[in-house]
1. Cβ-Cβ distance below 7 Å, separation of 6 or more or different chains: which pairs start in the stretch 419-444 with a residue that is over 19 Å from HIS375 (Cα atoms) and end on one that is among the small types (Gly, Ala, Ser) and buried (at least 20 other Cβ atoms within 10 Å of the Cβ)?
2. For the stretch 421-456, which positions are assigned to a helix (DSSP H, G or I), among the small types (Gly, Ala, Ser) and modelled with pLDDT of 85 or more?
3. Taking the stretch 35-61, which residues are in contact with a helix residue (DSSP H, G or I) (Cβ under 8 Å, 6 or more places away or on another chain) and not in a loop (DSSP other than H, G, I, E, B)?
4. Tally the residues that are more than 20 Å from ASN168 (Cβ to Cβ), of a type outside the set (Asp, Glu) and either under 15 Å from the mean Cα position of the chain (by Cα) or modelled with pLDDT of 95 or more (or both), restricting the search to the stretch 248-284.
5. Any residue that is surrounded by fewer than 19 Cβ atoms within 10 Å (Cβ to Cβ), within 16 Å of ligand 2 (Cβ to nearest atom) and either within 27 Å of the chain's Cα centre (by Cα) or over 24 Å from ALA156 (Cα atoms) (or both) - is there at least one of those in the stretch 297-304?
6. Is there a residue being closer than 27 Å to THR253 by Cα and either crowded, with 20+ Cβ neighbours inside 10 Å or small (Gly, Ala, Ser) (or both) anywhere in the stretch 33-41?
7. Quick test of your reading of the structure: GLU133 fulfils all but one of (1) farther than 23 Å from ARG285 by Cβ; (2) at pLDDT below 90; (3) away from ligand 1 (no atom under 16 Å from the Cβ). Name the failing condition by number.
8. Take the conditions at pLDDT 95 or above, near ligand 1 (Cβ under 8 Å from one of its atoms), under 18 Å from ASP269 (Cα atoms) and of a type in the set (Gly, Ala, Ser) and apply them to GLY179. Does it pass?
Amino acid sequence: MDAHEAWEAAFNQLELQLDRANFDTWLRGASFIGVEEDIFVIGVRNTYARDMLQHRLYRNVRRVLSDVYGQPVELRFEVRKPAPPSGSRARSGEGDMPLFQLLDQQLAQEQDDLPPLHQQIRRPLREPIPESELNPRFTFDRFVVNGSNSIAYEAARAIAANPARSYNPYLVYGGVGLGKTHLLQAIAHECQARGLHVVYIPSEAFTNDLVNAIRNKNTAMFRDKYRSADVLLVDDIQFIAGKDTTQEEFFHTFNALYTFNRQIVLASDRHPREMATLEDRLRSRFEGGLVTDIQPPEFESRLAIVGMWAEERGMWLPPQVIRMLAEHAPNNIRELEGMFNQIVAKAHQDINSVTPDMAASTLQRYHQPRQHGRHVTLTQVVEVVARHYYVSLRDLCGKKRTGRINQARQVAMYLARELTDSSLNQIGDMFGGRSHTTVLHGCNKVMEELDGDPGLRAMIERIQDDILGR
Ligand code: ADP
Ligand code: MG
């Protein structure tokens, strides 16, 4: 068998041996170039494939080829086709050109005759992965557009309308509670409705999933899960900074998807250049597409948002109360929602009780802990909640999931979030190393229940007073 035939045979064997995503991403399209000084020279499509084959997959490929050829061989991989745009975009110093201009130029260059992604792809619908569940309320039509978020919104719409054909990757960044997750999920909903395989995942869930995959030795499944996405949306990507294994894996996921022209969307609480421990190669990928920020909404849009929420619940709120709400939460719509829910809870008890006075005192209470500069610790929250619910500290922070313990735990998470400055991760750590998504889920559950459960609301107020020593 000559060298060329040996490569062809080895190539076919590798297709059977490697998992599909790996093979498709790194080896498909590889071609025999020749033998130079006893070294097999193989042409590959881009520098990512070359690096991957030269380092990670080298032993694997060499073993198969040596077996087929009947003697030990060495290989060298060379790029034989032009690198994909991300490579040149990420490395070169295109420098000062305004981003939009640059992107438009590239788009014009890249225009080809490919049909849109959702028409290219026909594959059976997969079950969404559990972490990937979307909030049905996070849609474009429930997103109030204004000057502070219109660029982010327009970009998101363009991507949803034409995934992987407009801005790729797309990264939106901004402070807490400004609608990043809402926008990501709005894109996800729209792409899903068109039959695309959409994976939405908070980066911490990605990390957990990876850790489990490594532990259970099924990284092939892990890769297939993320690399088969048509649209991958990773929320709170800032949390991967400093985590080596996650960054490494995400880098390859990113390249695999990008190479195959799949859409990548990221949200972060800051610009990639402000993520100190983010690997440079990821930073340049993230910055290689469109990056937009999202700012706190102006007063008028806060009014509009509260108005929309009230209308959705078929509820009339005095205009003065709506104004007060909008005035009280200038920088965070999630906080605005928290306050709105408190007022709604009162209104459920007695709609006539919703007066400007009542609103004023409710909102004042909401702000009190921080206004008073009272420093509440996680331990205080946990101790007081445990006492009120008659559960032990050990159970509260442990694994048991019986009704009362579970509710106490969720209430404690909610109060920890309201009263302390702890991050979701720190709160999760306090409760036996739970993930930040679990904490968020707990808090949201309490917020939702507060609406229709005056008993719970009273309980939480008592606990809160107790914590604050009132
Ligand atoms: P982030 O991910 O930026 O922290 P979220 O997307 O979770 O923020 O938004 C917090 C809450 O505020 C959500 O309930 C979301 O629906 C709501 N929200 C944020 N921005 C808007 C907007 N422009 N219009 C309507 N609701 C919004
Ligand atoms: Mg978010």
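1. Between residues of the stretch 419-444 that are over 19 Å from HIS375 (Cα atoms) and residues that are among the small types (Gly, Ala, Ser) and buried (at least 20 other Cβ atoms within 10 Å of the Cβ), the close pairs are ARG434/GLY428; SER435/ALA205; SER435/GLY428; HIS436/GLY428; THR437/ALA205; THR438/GLY428; VAL439/GLY428.
2. Kept after step one, since they are assigned to a helix (DSSP H, G or I), are these residues of the stretch 421-456: 424-430, 436-452, 454-456.
When the remaining residues are screened for being among the small types (Gly, Ala, Ser), the result is 428, 442, 452, 455.
Within the stretch 421-456, GLY428, GLY442, GLY455 meet the criteria.
3. The answer is VAL35, PHE40, ILE42, VAL44, THR47, TYR48, ALA49, MET52, LEU53, ASN60, VAL61.
4. So the answer is 1.
5. no
6. No, there is no match, as no residue in the stretch 33-41 is closer than 27 Å to THR253 by Cα and either crowded, with 20+ Cβ neighbours inside 10 Å or small (Gly, Ala, Ser) (or both).
7. With respect to (1) farther than 23 Å from ARG285 by Cβ; (2) at pLDDT below 90; (3) away from ligand 1 (no atom under 16 Å from the Cβ), GLU133 is out only on (3).
8. yes
The values are calculated or read from the model by the stated rules, or taken from the named source; none is laboratory data. These numbers were taken from a predicted model, which means no experiment stands behind them. Positions of Cβ are backbone-derived with ideal geometry, glycine not excepted, and every protein chain shown enters the neighbour counts.
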